[in-house]
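The values are calculated or read from the model by the stated rules, or taken from the named source; none is laboratory data. Owing to the predicted nature of the structure, the values given are computational and were not obtained by experimental measurement. Virtual Cβ from ideal backbone geometry, glycine too; neighbours counted across all protein chains shown. Accessible surface is based on the protein model in full, side chains and every heavy atom, while ligands, DNA and RNA are left aside. Shrake-Rupley method; radii C 1.70, N 1.55, O 1.52, S 1.80 Å.
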Amino acid sequence: MKEGRHVILCVDDDQDFLDVLRAILEAHGYLMEEALSAEAGIRKYKETQPDLIILDLMMEEIDSGTGFVKEL
């Protein structure tokens with residue numbers, strides 16, 4: 001939690017999807033952090049320690065989504 005709100009990390013290589021997701025989540029009182037790649041997602045995870053992660057398993061890079069999960 002940060003500032004009394006749950007933090008959700010969204011990892012996806014589609015910026016348009018992240019923008020829509022941010023609008024929905026923030027309208028419902030959540031704080032959203034985002035990353036456009038698995039590598040950036042790992043860094044952001046270590047920085048923010050989110051309460052929940054929404055992850056695209058089928059990003060452009062082969063196995064990047066599953067690699068993210070294994071890294072955690």
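In table form, for the structure just shown:
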read-out: Residue selected from the stretch 2-51 under the condition polar (S, T, N, Q) and either at pLDDT below 95 or open to solvent by less than 50 Å² (accessible area, probe 1.4 Å) (or both), by the criterion farthest from THR66 (Cα to Cα); value: THR48
read-out: Subset tally (residues that are of a type in the set (Gly, Ala, Ser) and closer than 21 Å to MET58 by Cβ) for the stretch 17-47; value: 5
read-out: So GLY29, is it part of a loop (DSSP other than H, G, I, E, B) and in contact with a strand residue (DSSP E or B) (Cβ under 9 Å, 6 or more places away or on another chain); value: yes
read-out: Residues located in the stretch 52-71, provided they are open to solvent by 100 Å² or more (accessible area, probe 1.4 Å), part of a loop (DSSP other than H, G, I, E, B) and at negative phi; value: MET58, GLU60, ILE62
